[in-house]
Amino acid sequence: MNVFNERNAFALRMFHSRDIGLKCNETHKTRYGFYVVGDCSHADPLTVKGNLFDYHVSGMLFNHLGSEGTFGNIGNLNHDNNNQFSNSSQAIGNTYLKEIFRITNSNSFLGQIFTLQIIQGQSTSTVDTPTQTSFGAYDVTLNGANHYLLTCEDLPIEVNEESLTSGQIIEALRVAGDSINYPEYTNLSEWYDERRIYEWLRRDSVARANYPLLNAFYANQESLLTDEIRTLDMNMHFLCQENTLYDSTIFQNLVQEVTQENTALPIGRLFENYEKDLNRIYLVF
């Protein structure tokens, strides 16, 4: 969505979140790519890597970090974190805002970005110039001669054959048997795993027949809202198809149909209700 000119539009937002990484994201055509508010400092300089910020006024905007801390260094002498900026420093009127911009009242800021991907002039702040680390902008520093360029891992490709692999069977049994220990966000992580395993089992009736635990899991998911939400997700996907977008009648009819389906869903579990709310907001706007 092109919300480039919307004043507060951002692709990713972090608010008073300490020691959180940002890896391998792509953001496109919003006013800000990565919008940071408050003290979001971290100890690991390699935790922000492999991000692509495309066509933003500011790829990274750090807002009111003040004197309480910094976001922290991004990269170090031996590592280029490979954060890339495309179509950089877009013009607003007669002013070019920089790819890395900091709003601050502090003139004591020592944060550095080590990279060959951008140039010094792309970083600035509301306090003086970025050429000295004693002022408010990020100091962009070149890596050493033999630095590493950090890259992103290749995500595994989902196997879509009708029959599940032996590895998928093992994982499905673990999820169905509640034998996975989620270190954080337990309920949400479990819910996403349940949806994934349900989708696998929909296409493999043999696995359901051979494993009573999987068959019981599948039947239980059918009694919940798993399949209804899956159908809604598919219909939401159809809204974004080219033949739908270019036919206003088809588009509006489908919006009304999906809205009615979403409204008709009964009250479910916490994250199922969140899903309904998100669908409703998306369909309204």
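Annotations for the structure displayed:
- Phi-based couplings in Hz for the range 16-31 (Karplus 6.51, -1.76, 1.60; Gly and Pro marked x): 6, 10, 7, 6, 10, x, 9, 10, 6, 9, 10, 10, 9, 6, 10, 4
- Per-residue ellipticity at 222 nm from helix content only, as computed over the chain with -39500 (n - 2.57) for each DSSP H run of at least four residues, stands at -10500 deg cm²/dmol.
- C-alpha center-to-center spacing [the range 144-217, the range 257-271] in angstrom: 25
- Label corresponding to Rg/Rh (Cα atoms, Kirkwood Rh) when calculated from the structure given, among [x] 1.03; [y] 1.06; [z] 0.92: [y]
- Theoretical FRET efficiency, 1/(1+(r/R0)^6), r = Cβ-Cβ of Cys24 and Asp247, R0 41 Å, to 0.05: 0.70
- Based on C-alpha pairs under 8 angstrom that are at least 6 apart in sequence, the chain has a relative contact order of 10 percent.
- Spin-label model, His16/Leu265: points 7 Å from Cα along the beta carbon direction are separated by 3.1 nm.
- Hits among lysines - C-alpha to C-alpha of Lys98 under 17 Å, sequence gap 8 or more where chains match: Lys29
- Separation in nanometres of the label points that stand 7 Å from Cα toward Cβ, at Gln256 and Tyr148: 5.8
- Bridge type composition, the chain - antiparallel percent by DSSP, nearest 5: 10
- Loop-resident sites, the range 169-245, for GluC sites (Glu not before Pro), counting at most 12 other Cβ within 10 Å (DSSP): Glu184
- Among Asn82, Asn273, Asn51, the residue with the largest mean-square fluctuation in a Gaussian network model of the chain, with springs joining Cα atoms closer than 10 Å, is Asn273.
Values quoted throughout were computed directly from the atomic coordinates according to the rules given, and no laboratory measurement underlies them. None of the values given here were measured: they were computed from a predicted structure. So basically every Cβ, Gly included, is an ideal-geometry build from the backbone, and we count neighbours across all protein chains shown.
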